[in-house]
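Undergrad: Can you keep this structure in mind? I'll have questions shortly.
A short reminder: the numbers here are calculations on the coordinates, not readings from a lab. Computed from a predicted structure; not experimentally measured. Positions of Cβ are backbone-derived with ideal geometry, glycine not excepted, and every protein chain shown enters the neighbour counts.
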Amino acid sequence: MSQSQHHAISKNLQDVQARIAAAAQDCDRSSEEVTLLAVSKTKPASDVALAIDAGQLAFGENYVQEGVDKIAHFAGHQPPLVWHFIGPLQSNKSRLVAENFDWCHTIDRLKIAQRLNDQRPASLPPLQVLIQVNISDESSKSGITLAEVPALAAQICEMPRLQLRGLMAIPAPEPDNAQQLAVFKQMAAAFTQLQLSHPQVDTLSMGMTDDMPAAIAAGSTMVRIGTAIFGARDYSAATKS
Ligand SMILES: *Cc1c(COP(=O)(O)O)cnc(C)c1O
């Protein structure tokens with residue numbers, strides 16, 4: 001591990017925190033309303049360790065086995081790390097998520113919710129879950145429509161081993177800030193609506209490296225940032241699982 005890489009990740013984290021603070025200030029929000037999730041997919045545990053050294057405790061992973069390996073690597077860390085599963089989830093991988101992660105952002109069908117509820121070990125707190133909404137990306141198979149949210153939310157609330165915390169979205173890439181904002185505002189409206197029937201709902205997960213300010217302006221409470229913290233990803237070396 002080179003000294004320069006060490007400084008890069010910790011400086012990048014500071015820069016991202018400063019950008020979160022600036023974006024929050026621009027819309028009269030407190031930066032404390034926005035949690036930074038460091039997305040470490042495809043990155044080695046040594047990079048995660050550098051981020052932890054810099055004070056980062058919440059991490060997002062997309063690939064089940066890669067995430068489980070990192071969770072095992074850092075098991076017992078104090079203060080505790082919080083691991084969020086943010087990738088597409090196949091049924092045959094749900095047990096690993098239920099047994100290892102703290103959060104799952106990508107609930108988009110009843111069957112997956114039921115499996116996670118059945119498989120969540122009694123020794124752990126309930127799995128914290130978000131419903132993934134397909135807000136604008138017609139090419140993606142992940143996520144449900146806004147119209148389908150209330151029914152799935154009601155079903156999840158019947159499941160004792162899951163705790164519904166809110167909504168998540170990955171909008172289609174869109175270079176224009178005003179267009180990004182318009183899409184994120186639809187999510188924020190749905191989030192406010194969901195809170196009326198489910199007051200415990202407190203998390204709106206949206207905003208990545210290229211659309212973070214618009215997400216915060218619309219009301220995001222959790223931004224998922226990879227590239228701006230860890231640098232560009234090399235997918236050829238990634239464990240796809
Ligand atoms: C990869 C990924 C991110 C991070 O994206 P960056 O553009 O690198 O910040 C956030 N959310 C999800 C669901 C991802 O898959």
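Undergrad: At most 16 other C-beta atoms within 10 Å and a DSSP loop state: those are the exposed GluC sites (Glu not before Pro) I care about. Give me the longest piece of the chain that has none.
TA: Numbers: sites that count: GLU138, GLU158.
No qualifying site falls inside 1-137, the longest such stretch.
Undergrad: While we're here: Ordered by packing density, taken as the mean number of other Cβ atoms within 10 Å over each peptide's residues, highest first, how do 45-56, 105-116 rank? Walk me through the numbers before you get to the answer.
TA: Values: 45-56: 17.3, 105-116: 19.8.
The peptides rank, most packed first, as 105-116, 45-56.
Undergrad: If I model a spin label as a point 7 Å beyond the Cα along the Cα-Cβ vector, how far apart are those points for GLN163 and ASP118 in nm?
TA: 2.4
Undergrad: Please give me, ordered by residue number, the trypsin sites (Lys or Arg not before Pro) of region 123-202 that lie in loop per DSSP and have at most 13 other Cβ atoms within 10 Å.
TA: Details: sites: LYS141, ARG161, ARG165, LYS185; in loops: LYS141, ARG161.
Here the sparse-neighbourhood loop sites are LYS141.
Undergrad: To continue, here is another question. In what order do CYS27, CYS104, CYS157 fall by count of nearby beta-carbon atoms within 10 Å, going from fewest to most?
TA: Working: CYS27 11, CYS104 26, CYS157 15.
Ascending number of Cβ neighbours within 10 Å: CYS27, CYS157, CYS104.
Undergrad: Moving on. Using alpha-carbon positions, what is the distance between the centroids of region 35-58 and region 132-149, in Å?
TA: First find each Cα centre; the distance between them is then 28 Å.
Undergrad: What is the magnitude of the charge dipole of the chain about its Cα centre, with +1 placed on the Cβ of each Lys and Arg, -1 on the Cβ of each Asp and Glu, and no other charges, expressed in debye to the nearest 20? Before the final figure, lay out the partial values.
TA: Numbers: 19 positive and 24 negative charges, 129 e Å.
Roughly 620 debye, rounded to the nearest 20.
Undergrad: Estimate the FRET efficiency between ASP210 and ALA18 by the formula 1/(1 + (r/R0)^6), using the beta-carbon distance for r and 25 Å for R0, to the nearest 0.05. Kindly include the intermediate steps, with their values, before the conclusion.
TA: Working: r = 17 Å, r/R0 = 0.69.
That gives a FRET efficiency of 0.90.
Undergrad: Right, another one. Calculate for the chain the 222 nm mean residue ellipticity that helices alone would give, adding -39,500 (n - 2.57) per DSSP H run of length 4 or more and normalising by residue count, nearest 500 deg cm²/dmol. Numbers along the way, then the final one.
TA: Working: 9 runs with 101 residues, N = 241.
Only helices count here, giving -13000 deg cm²/dmol.
Undergrad: Continuing with this model, one more query. Among PRO80, GLN119, ILE144, pick out the residue whose Cα is farthest towards the positive end of the charge dipole of the chain, where Lys and Arg carry +1 and Asp and Glu carry -1 on C-beta, about the Cα centre.
TA: So the residue furthest toward the plus end is GLN119.
Undergrad: Multiplying the sequence separation of ALA151 and GLU138 by 0.36 nm and subtracting their Cα-Cα distance, what value in nm do you get? Can you show the working numbers first?
TA: Working: separation 13, 0.36 × 13 = 4.68 nm, distance 2.16 nm.
Additional length available on full extension: 2.5 nm.
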